[in-house]
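Enquirer: Structure incoming, see below.
The values are calculated or read from the model by the stated rules, or taken from the named source; none is laboratory data. If you're wondering where the values come from, they're calculated on a predicted model, not measured in any experiment. Neighbour counts are summed over all protein chains in view; Cβ atoms, including those assigned to glycine, are modelled from backbone coordinates with ideal geometry. Note: accessible area is taken over every heavy atom of the protein model, side chains too, but ligands, DNA and RNA are not part of it. Shrake-Rupley method; radii C 1.70, N 1.55, O 1.52, S 1.80 Å.
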Protein chains: 2
Amino acid sequence: MKSTLALFLAAALAASASAKIVTKPVAYTHAGTALEGVLVYDDEKVSADKPAPGVLVVPEWWGLNDYAKSRATQVARLGYVAFATDMYGKGVVTTEKGKASELAGQFYGKPLMAERAAAGLAQLTGSGLVDPKRVAAIGYCFGGATVQALAYSGAPLAGIVSFHGSLIPASAEAAKANKAKFLVCHGAVDPFIKPEELAAFTKSMDAGKFDYQFVSYAGAIHAFTNPKADAIAKANDLVGGVGYNAAADRRSWAHMRAFFAEIFAPAPAAKK
Amino acid sequence: MKSTLALFLAAALAASASAKIVTKPVAYTHAGTALEGVLVYDDEKVSADKPAPGVLVVPEWWGLNDYAKSRATQVARLGYVAFATDMYGKGVVTTEKGKASELAGQFYGKPLMAERAAAGLAQLTGSGLVDPKRVAAIGYCFGGATVQALAYSGAPLAGIVSFHGSLIPASAEAAKANKAKFLVCHGAVDPFIKPEELAAFTKSMDAGKFDYQFVSYAGAIHAFTNPKADAIAKANDLVGGVGYNAAADRRSWAHMRAFFAEIFAPAPAAKK
């Protein structure tokens, strides 16, 4: 085991040492709104001749800020092509909860949520670098809800990962349209998700025969993956509701990697 | 990524090719009952000079049968020292649910559950092959409940993994005594665990500030890790309640491995 691990680490180090991360702003338009997302990939691993799995990254309700972009870079370092997508419009970001609530409020419960995300997905799959059969979407908070909505719309996704996302119960129609496996990473004591909302979500997953994994992380509250969450909480009077949790961050990322390993290269013996 | 994976697989294959799995029956006594467990380890990786993490394996309510022993062997192949423990008495196994219920019924709600498991744990740590700071316990069904009880008793465990275990809420006393991190692998539609039991369990985990991860696997019912569960269910009129689920089996094993990687070699940045 030790030698296996050592070899693995050596290979991982070698791989990371030879990485050449490329970051490209991509301008596009959806429903009259000018948007700008960011395509991120490792130029030494990915090319038009060597397409890789693609991962759409949907930001928190603050908009496409540095945090969301940093997650895209982390995904690119795994060897995937990431697209940090823009939901609000070029350069529209905020650090103020009232404004964030207003921006996110345009999408909840409306077809626009999936449609705007699909516009970003098209930029990812249209990059020419992505294997169209191996595409996933991940999202944080508002973005977690968005990737659920995107899957419910029937988007060609192998899987989605929701990190501390709001939970949208799946309708029967969504269950029929959905193609994605779900990994839901949830803060066990997130005060923004009520027990009855959680129950309604998992009930709809079971009823719709979704292939899902739902993970609760002890002590984790809203935004547990964001290292800046404590400062954000302080500035927005959200202390106790929003906060970073290093263990839950690390564990949910490891679970995402295991999930990607499965959905991007299914084991021959895999059963649904 | 691909080359990393290839190297990793090559190393894993090499490691498995050179494995020399040793299986030793171990006779011991607890509270007047003669017991016989099985110590399993890889003789090429582990020795008194090269101690390894130890893993106690607690069987389903059927007793120490081939399934439990096969899990110990799988654990040994990961490079750990496994002890498949005997809860009932030497050779006491059954395939009949009435008898199993009677056997398991001796332990539920009684100190004997943790005490009998601790007797097995002493065999593991007393083997001379185990690093006493890196010990975990895993268990299946009844065994899942048993490893919870063992942790609640204050046993020196870095972690426990419960696979489709009955869920025992932690008392305040248990929370104080507990030293283990918890990974709870649960079948999302297991009809033997009522929603209120699940809620009481996680509530006690949160109240006691346990470091836990609770994972629900879609479509999985009781005994989802046991490839023979369907046959067992048929013979015992438990179809629909007990059954194998290959995806949940594979995923929960992967989650256990990630959990072991963490608790047996904590990341420097790890926070509780």
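Enquirer: Quick one: which of A:48-59, B:189-200 comes out on top by average Cβ neighbours within 10 Å, and what's the full order, highest first?
Expert: Ranking the peptides A:48-59, B:189-200 by packing returns A:48-59, B:189-200.
Enquirer: Please average, across the residues of A:245-253, the number of beta carbons from any other chain that are within 10 Å of each residue's own beta carbon, and give a whole number.
Expert: The mean count of partner-chain Cβ atoms within 10 Å per residue comes to 4.
Enquirer: I'd like the interface area for chains B and A: accessible area of each alone minus the complex, both sides summed, 1.4 Å probe, protein heavy atoms only. What is it in Å² to the nearest 100?
Expert: Heavy-atom accessible area buried at this interface is about 3100 Å².
Enquirer: Moving on. Just tell me which lysines come within less than 19 Å, Cα to Cα, of A:LYS97; anything on the same chain fewer than 8 places away is out.
Expert: Those lysines meeting the cut-off are A:LYS228, A:LYS234.
Enquirer: Moving to a separate point now. Between A:ALA246 and A:LYS228, what is the label-to-label distance in nm when each label sits 7 Å out along the Cα-to-Cβ direction?
Expert: Placing both labels 7 Å along Cα→Cβ, they lie 2.0 nm apart.
Enquirer: GNM, chain A, Cα, under 10 Å: largest mean-square fluctuation among A:GLY63, A:GLY120, A:GLY109?
Expert: Residue with maximal mean-square fluctuation among A:GLY63, A:GLY120, A:GLY109: A:GLY109.
Enquirer: Still on this structure, please answer the following. Give me a comma-separated list of calculated 3J(HN,Hα) values for region A:251-261, in order, Karplus coefficients 6.51, -1.76, 1.60 applied at θ = phi - 60°, integers in Hz, x for any Gly or Pro.
Expert: Result, ordered by residue: 5, 5, 5, 4, 5, 4, 5, 5, 5, 4, 4 Hz.
Enquirer: HN-Hα J couplings of region B:32-43 from phi, Karplus 6.51/-1.76/1.60, θ = phi - 60°, integer Hz, Gly and Pro as x?
Expert: Karplus-based 3J(HN,Hα) across region B:32-43 equals x, 9, 7, 10, 9, x, 9, 8, 10, 7, 9, 5 Hz.
Enquirer: In a GNM of chain B with a 10 Å cut-off on Cα contacts, which of B:TYR140, B:TYR41, B:TYR108 has the highest mean-square fluctuation?
Expert: Highest fluctuation among the options: B:TYR108.
Enquirer: Between A:PHE192 and B:GLU36, how high is the FRET efficiency from 1/(1 + (r/R0)^6) when r is the Cβ-Cβ distance and R₀ = 60 Å? Nearest 0.05.
Expert: FRET efficiency, A:PHE192 to B:GLU36: 0.70.
Enquirer: Could I ask something else about it? One decimal, nm, shortest first: give the distances between the label point of B:SER101 and those of the same position in the other copies, each label point 7 Å from Cα along Cα→Cβ.
Expert: 5.3
Enquirer: Where both residues lie in chain B, what percent of DSSP beta bridges are antiparallel, nearest 5?
Expert: Of the beta bridges lying entirely in chain B, close to 30 percent run antiparallel.
Enquirer: If I compute solvent accessible area with a 1.4 Å probe over the protein chains, what percent of it on chain B is carbon and sulfur?
Expert: Within chain B, the accessible surface is 59 percent carbon and sulfur.
Enquirer: Enter the mean number of other protein chain beta carbons within 10 Å of the beta carbon of each residue in B:210-217, as an integer.
Expert: Mean partner shielding for this stretch: 6.
Enquirer: Also, I was wondering about something else. Which of the residues in region B:162-201 lose at least 20 Å² of accessible area when you go from the chain alone to all protein chains together (probe 1.4 Å)?
Expert: B:ALA188, B:VAL189
Enquirer: Could you pull the Rg and Dmax for the protein assembly as shown, using just the Cα atoms, both in Å?
Expert: Over the protein assembly as shown's Cα set, Rg and Dmax evaluate to 23.9, 80 Å.
Enquirer: Just name one of B:VAL239, B:PRO191, B:ALA220: the one whose Cα is farthest towards the positive end of the charge dipole of region B:189-272 (beta-carbon charges, Lys/Arg +1, Asp/Glu -1).
Expert: My answer, from the dipole projection, is B:ALA220.
Enquirer: Placing +1 at every Lys and Arg Cβ and -1 at every Asp and Glu Cβ, with all other atoms neutral, what dipole size does chain B have around its Cα centre, in debye to the nearest 20?
Expert: Around 580 debye, computed over chain B.
Enquirer: Where does the protein assembly as shown land at 222 nm, in deg cm²/dmol rounded to the nearest 500, when only DSSP H runs of n ≥ 4 count, each adding -39500 (n - 2.57), divided by all residues?
Expert: That comes out to -12500 deg cm²/dmol.
Enquirer: Would you grab the residues whose amide H sits under 5 Å from the one on B:TYR212? Only those 5+ places off in sequence or on another chain, please, with H modelled 1.01 Å from N.
Expert: Excluding prolines and chain starts, which carry no amide H, the hits are A:ALA218, B:PHE182.
Enquirer: Something else now. How far apart, in nm, are the 7 Å Cα→Cβ label points at A:LYS20 and B:ALA122?
Expert: Label-label distance for A:LYS20 and B:ALA122, simple model: 6.4 nm.
Enquirer: Same structure again: If you add up the charges near B:ALA118, with Lys and Arg at +1 and Asp and Glu at -1, over every other residue whose beta carbon is less than 15 angstrom from its beta carbon, what do you get?
Expert: That works out to +1.
Enquirer: Checking the a/c ratio against 1.5 first, then a/b against b/c, what shape does the Cα gyration tensor give for region B:161-201?
Expert: oblate
Enquirer: Now for a separate question. Of B:VAL215, B:VAL130, B:VAL147, which has the largest mean-square fluctuation in a 10 Å C-alpha GNM of chain B?
Expert: Sorting by GNM fluctuation, first place goes to B:VAL215.
Enquirer: If you don't mind, there's one more thing I want to ask. Tell me, how many Å apart are the Cα centres for region A:83-161 and for region B:141-164?
Expert: 40 Å
Enquirer: In nm, give the distance between the simple-model label positions of B:GLU96 and A:SER101, each being 7 Å from the Cα along the Cα-to-Cβ direction.
Expert: A separation of 6.4 nm, rounded to one decimal place.
Enquirer: On alpha-carbon atoms, Rg over Rh for region A:88-195 using Kirkwood Rh?
Expert: 0.97
Enquirer: Let me make sure I get this right: for chain A, a, b and c are the square roots of the gyration tensor eigenvalues over alpha carbons, sorted descending. Under 1.5 in a/c it's rounded, otherwise prolate if a/b > b/c, else oblate. Which is it?
Expert: Rounded, since a/c falls under 1.5.
Enquirer: Moving on. In nm to one decimal, list the spacings between the A:LYS179 label point and its equivalents in the other copies, with label points set 7 Å along Cα to Cβ, shortest first.
Expert: Its label point is 5.1 nm from the equivalent points in the other copies.
Enquirer: Only sites in a loop by DSSP and with at most 16 other Cβ atoms within 10 Å count here; which trypsin sites (Lys or Arg not before Pro) in region B:136-224 make the cut?
Expert: Answer in residue order: B:LYS179, B:LYS209.
Enquirer: Answer rounded, prolate or oblate for region A:198-270, using the Cα gyration tensor with square roots of eigenvalues a ≥ b ≥ c: rounded when a/c is under 1.5, else prolate when a/b is larger than b/c, else oblate.
Expert: Taking the square roots of the gyration eigenvalues as a ≥ b ≥ c, region A:198-270 is oblate.
Enquirer: Now a separate question. Please work out the average accessible area per residue across chain B, using the 1.4 Å probe convention, and give it in Å².
Expert: 41 Å²
Enquirer: At 0.36 nm per residue, and after removing the present C-alpha to C-alpha distance, how many nm does the segment from B:LYS176 to B:ALA261 gain when stretched out fully?
Expert: So the extension gain works out to 28.1 nm.
Enquirer: Among the lysines, which fall within straight-line cross-link reach of A:LYS176, defined as a Cα-Cα distance under 17 Å, with same-chain neighbours fewer than 8 residues apart omitted?
Expert: A:LYS203, A:LYS209, A:LYS272
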